[in-house]
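Every read-out reported here was derived from the displayed coordinates using simple, explicitly stated rules and does not represent laboratory data. Remember, predicted model here, so these are calculated numbers, not experimental data. Here Cβ is always computed from backbone atoms with ideal geometry, including for glycine, and neighbour counts include all displayed protein chains.
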Amino acid sequence: MVRKAIQHARGRRLTLAAAGLALAAAMAPCLAQDSATIERIKASIVAVGTFEPARNPQFSFAGTGFAVGDGSLIATNAHVLPKVLDSERNEAIAIAMRSGESIAVRPAQRAAIDDSADLVLLKISGTALRPLALGKSDEVQEGELYLFTGFPIGAVLGLFPVTHRAMIAAITPTVIPAARAEQLDARAVRALKRSAFHVFQLDGTAYPGNSGSPVYHPKTGQVVGIVNSVFVKGTKESALSAPSGITYAIPARKLRELLESSR
């Protein structure tokens with residue numbers, strides 16, 4: 001009986017090992033497709049910030065952006081850009097792109113903005129970049145897996161595109177209701193009424209600098225959302241030391257509307 005038990009255990013281990021090898025073999029093409037998509041996406045990712053000739057460094061990083069439309073437009077979050085530029089110091093909006101070991105900085109101008117959706121389009125001159133296609137964000141479902149690429153803590157880690165994987169954890173209103181009725185004041189009620197669209201809650205961890213990162217399908221590369229905020233459990237500093245792992249993204253539908261209105 002002992003011998004049969006040992007043989008059964010050995011057979012079970014072999015079966016599990018075979019299943020593991022089969023699973024790895026099945027996943028290999030999928031992972032290769034993801035890698036190819038990421039490599040293609042990175043060519044369209046840029047850093048967004050300001051440029052000042054007399055400053056050191058001249059380019060000040062603020063967030064992530066990506067090429068859309070005809071390739072001369074850069075999409076990012078409205079909150080990434082300063083409200084006012086220092087004209088006396090010739091401060092200007094700019095984007096930065098990595099080309100091998102060097103960084104190329106190009107001037108940009110606001111082309112269109114939607115503050116309610118925290119989105120802005122920047123216009124750049126010169127050679128157009130490879131634009132990313134926008135997917136059907138209205139068809140996104142909870143539980144689906146996506147990728148987002150950007151520059152987390154780019155001012156410290158450098159302008160090297162970093163990709164994270166995230167699941168759609170929830171599709172939720174842009175305004176979260178108060179826990180108790182007595183916490184709802186007139187201002188909060190008005191904000192709830194103005195909430196005309198839902199956002200994607202991701203279970204992926206984003207960091208300062210990821211604002212403006214495209215959320216895209218790992219196979220097609222089509223953009224379904226734009227990272228715009230992270231749930232912070234305490235102080236802003238805790239977003240680095242103890243990230244919540246809860247990230248929000250604006251549906252690509254809002255970006256498509258902004259593109260159409262800017263034509």
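Highest first, please rank the peptides 143-156, 46-59 by the mean number of other Cβ atoms sitting within 10 Å of their residues.
143-156, 46-59
What do you get for trypsin sites (Lys or Arg not before Pro) in the range 104-179 restricted to DSSP loop and a cutoff of at most 12 other Cβ within 10 Å of the site's Cβ? Spell out each step's value before the answer.
Details: sites: ARG110, LYS123, LYS136, ARG165; in loops: LYS136.
Those satisfying the criteria are LYS136.
What FRET efficiency do you get for HIS198 and VAL105 if R0 is 30 Å and r is their Cβ-Cβ distance, rounded to the nearest 0.05?
0.25
Say the cut-off is 23 Å between C-alpha atoms; which of LYS136/LYS219; LYS83/LYS136; LYS123/LYS219 go over it? Please report the intermediate quantities before stating the final value.
Numbers: LYS136/LYS219 14 Å; LYS83/LYS136 31 Å; LYS123/LYS219 28 Å.
Beyond 23 Å between Cα atoms: LYS83/LYS136; LYS123/LYS219.
Between LYS83 and VAL156, take the C-beta separation as r, use R0 = 35 Å, and let me know the FRET efficiency to the nearest 0.05.
0.90
Report the Cα centroid-to-centroid distance between the range 86-113 and the range 31-77 in angstrom, as an integer.
10
Express the Stokes-Einstein translational diffusion coefficient of the range 45-124 in µm² s⁻¹, to the nearest whole number, given a Kirkwood radius over alpha-carbon pairs, 37 °C and a viscosity of 0.692 mPa s. Walk me through the numbers before you get to the answer.
Working: Rh = 12.8 Å.
D = 257 µm²/s.
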